[in-house]
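I have placed the structure first, in the form of structure tokens, so that the comments after it can refer back to it.
The values are calculated or read from the model by the stated rules, or taken from the named source; none is laboratory data. Computed from a prediction, not measured in an experiment: that's the story for all the values here. Positions of Cβ are backbone-derived with ideal geometry, glycine not excepted, and every protein chain shown enters the neighbour counts. The protein model used for the area step is the full one, side chains on, heavy atoms only, and it has no ligands, DNA or RNA in it. Shrake-Rupley method; radii C 1.70, N 1.55, O 1.52, S 1.80 Å.
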Amino acid sequence: MKLTISREALLTPLQSIAGVVERKQTMPVLSNVLMEAEGNTLTLTGTNMEVELVGRVTPVHIDQPGRITVPARKLSDICRALGEESPIELALEGDRLHLRCGASHFTLSTLPAEHFPNVEDEPESFRLEIPQGELGRMLDATAFAMAQQDVRYYLNGLLLEVDKDHVRTVATDGHRLAMAHFDVATGCPDPRQVIVPRKGVLELARLLDDVQTSVTLVIGDNHLRATVGAYTFTSKLIEGKFPDYNRVIPRGGDKIVMADRATLKNMLQRAGILSHENIRGVRLNLASGELQVFANNPDQEQAEDALAVDYQGESLQIGFNVGYLVDVLNALDEEQVKITLANPNSSALIEGQNDTGCLYVVMPMRL
């Protein structure tokens, strides 16, 4: 294999693919990127056996076609450190890959391409096109609520639901729930639900631009595949049944609070500084026209703050994990936030002032 390529053309896909490759691998080849040069296209592939990302660079000047795997992070770091002026020449000589750029010369170890695992192809069951910006918005609005290393493995990912007239994303860790949807005619005859693992969600979100060009999603029985520009992303799916999120969403709350999102977030962050560092609990006191927040910790330190809000009704005292509330306020991008409450033991329903298709549920705490 021998080819010449510009630094920028190689570095951009390399950095994306290096994010998929885990630093510590049980199989050495999984730390490598698969390079395949043929025609005028260089194809780069990285995988951790759960998520695979393929990037294609074209046109590339290829003197000799070939396939080989090389350490992904080392190659990416070398390209990042090189100057932008000179083109990069890659040449496979024996079992070493030689990289030359100007006066710089690097020799990298390789492993045979045949050792690199392939994500098995499976018959697609449904194909969908959706604007990149909308899918990115939905992932950003919900991914933060995914569980991390929960024994309920189906919570360590994100539910992607496709119906005939909408696409929805839902995430929950058992203490809070985030949901976003986008109305679109999908042509899906029957509702489909798949659970995308955490790593897959984060890598897919990183690929998406805030543009109106479409991303093609292919949903199979065991995999989700997305085609974004010159990249093909594939993720295994989590087997299991996601909780019925409709049962979690509180209905009939009669205490509706309207508040300035940024001011409320700043107040909660200030109070959170003196909350218990493990349980992060704060107490909210709601009264006509005012919301007060109280926090304290085992060192006898305490914080009190207040905010004028649009609320007329009975007073209410309720506790929450302050981090969960701040996460929701970070995910919303509207000026006004609407909080619906019922009683001290019921979850809070949090939405933006306008119907942007996002809603959030946060369970209360006993303080």
With the 8 Å Cα cutoff and a minimum separation of six or more residues, the range 134-276 has a relative contact order in percent of 19
Nearest-10 value in Å² for the accessible area of E120, using the 1.4 Å probe: 100
Using only the Cα atoms of the chain, construct the convex hull and provide its projected area averaged over every direction, in square nanometres to one decimal. 22.1
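Taking every pair of alpha-carbon atoms in the range 115-273, give the share separated by more than 26 Å as a whole percent. Can you show the working numbers first?
Details: 4103 of 12561 pairs.
Taking all Cα-Cα pairs of the range 115-273, the fraction more than 26 Å apart is 33 percent.
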Packing rank of 123-129, 57-63, where each peptide gets the mean count of other beta carbons within 10 Å, highest leading: 57-63, 123-129
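Distances longer than 20 Å among the Cα atoms of the range 291-349: what percent of all pairs is that?
The share of Cα pairs beyond 20 Å in the range 291-349 comes to 34 percent.
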For V293, what accessible surface area do you get with a 1.4 Å probe? Give it in Å², rounded to 10. 0
With label points built 7 Å along Cα→Cβ from the Cα atoms of D121 and Q317, find their separation and express it in nm. 6.6
Take the Cα pairs of the range 244-367, get the Kirkwood Rh, then feed it into Stokes-Einstein at 25 °C and 0.890 mPa s and tell me D in µm²/s. 169
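Using a 1.4 angstrom probe on the protein heavy atoms only, line up S315, S86 by accessible area, largest first. Don't skip to the end; give the middle numbers.
Working: S315 90, S86 45 Å².
Per-residue accessible area, sorted high to low, gives S315, S86.
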Helix 322-331 axis, angle to the chain major axis (alpha carbon atoms, nearest 10°): 60
Length released on extending from L307 to E89, taking residue separation times 0.36 nm less the Cα-Cα span: 72.3 nm
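Counting residues in the range 63-178 as N, plug N into 2.2 N^0.38 Å and put the Cα Rg over that result.
The value comes to 1.64.
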Would you report the distance distribution of C-alpha pairs in the range 181-292 as whole percents per 5 angstrom bin, up to the bin with the largest distance? 2, 7, 12, 12, 13, 12, 12, 13, 12, 5, 1, 0
What do you get for the angle between helix 72-81 and the principal long axis of the chain? Use alpha-carbon atoms, 0 to 90 degrees, nearest ten. 90
Roughly speaking, what is the centre-to-centre gap between the range 294-367 and the range 1-77 when only Cα atoms are used, to the nearest Å? 46
Once both axes come from the Cα atoms, what is the angle between helix 7-20 and the longest principal axis of the chain, in degrees from 0 to 90, rounded to 10? 50
